[in-house]
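The values are calculated or read from the model by the stated rules, or taken from the named source; none is laboratory data. Just so we're clear, the structure is a prediction, and the values are computed from it rather than from any experiment. Positions of Cβ are backbone-derived with ideal geometry, glycine not excepted, and every protein chain shown enters the neighbour counts.
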C-alpha cells in the first residue's frame with residue numbers, strides 16, 4: 001500500500017509521445033523542454049534542450065519530429081510516422097513507428113513499438129504505456145535501444161502526473177535504468193507547464209531536473 005501511494009505521489013503528467021494512441025486527423029501537439037543533469041552535487045553539469053511535435057495526418061497516421069538527445073546522449077534530429085496496428089478487447093492498444101534522421105552526425109533509422117492502456121480506479125483515470133525504440137546507426141552498423149514504462153494519472157482541473165522508468169543500452173556502455181517522475185499544471189486552456197526530475201537506479205550515476213511547456217493544437 002505504501003509503495004502504491006509512493007507511485008501516486010511521484011507520478012507525472014502526460015507523456016509527450018502519443019505512443020499507442022494516434023493524434024487524430026488535424027490534431028497536433030508541441031513541446032519544448034530544458035534539462036540539467038549531473039553525476040552528483042559536485043560533478044560537472046550538462047544542459048540539454050529538446051523539442052517534440054506530433055500532427056495527425058489522418059485519423060490513424062501521425063507525423064512527428066523529435067529533436068534533442070538520443071540514447072547515447074548525443075544530439076539528435078529525426079522525423080517519424082506512427083500507425084496503430086491493433087486493439088485487443090478495446091483496452092490494449094498497439095502501434096508501430098519508423099523514424100529517420102541524424103544522431104551525432106550519423107544517419108539513423110529508428111523503428112519503434114508502443115503499447116498503451118487506459119486505466120480507471122478510485123484514484124481517478126489514467127494510463128499505462130510501454131514504448132520501445134531502436135536507434136540503428138547505418139554508417140557504424142550498431143543499434144542503441146531505449147525502453148520507457150510510464151504510469152500516469154489525470155487529476156482535477158487539468159493537473160496531471162506520471163511516473164516513468166527509463167531503461168536503455170548503447171554500444172560500449174553498460175545498460176542504464178532511471179526513475180523519472182514529473183508533474184504538469186495547466187497554464188491556459190491548451191497549455192501545460194511540466195516540472196520533473198530523474199535519478200539513476202542502475203548504470204552511471206546521474207541526476208537531472210527538467211522543465212518544459214507543451215501545447216495541444
>> Being more than 21 Å from residue 53 (Cα to Cα), touching a residue at least 40 places away in the same chain (Cβ under 8 Å) and more than 16 Å from the chain's Cα centre (by Cα) is the requirement here; does residue 204 meet it?
In response: yes
> Considering only the range 61-76, how many residues are modelled with pLDDT under 95 and either assigned to a loop (DSSP other than H, G, I, E, B) or farther than 20 Å from residue 37 by Cβ (or both)?
Replying inline: 5
>> Looking at the structure I just gave you, is residue 49 more than 19 Å from residue 199 (Cα to Cα) and surrounded by fewer than 15 Cβ atoms within 10 Å (Cβ to Cβ)?
In response: no
>> If a residue must be surrounded by 16 or more Cβ atoms within 10 Å (Cβ to Cβ) and within 20 Å of residue 159 (Cβ to Cβ), how many such residues does the range 192-213 contain?
In response: 6
>> Looking at the structure I just gave you, is residue 36 under 17 Å from the mean Cα position of the chain (by Cα), under 24 Å from residue 175 (Cα atoms), surrounded by fewer than 18 Cβ atoms within 10 Å (Cβ to Cβ) and modelled with pLDDT of 90 or more?
In response: yes
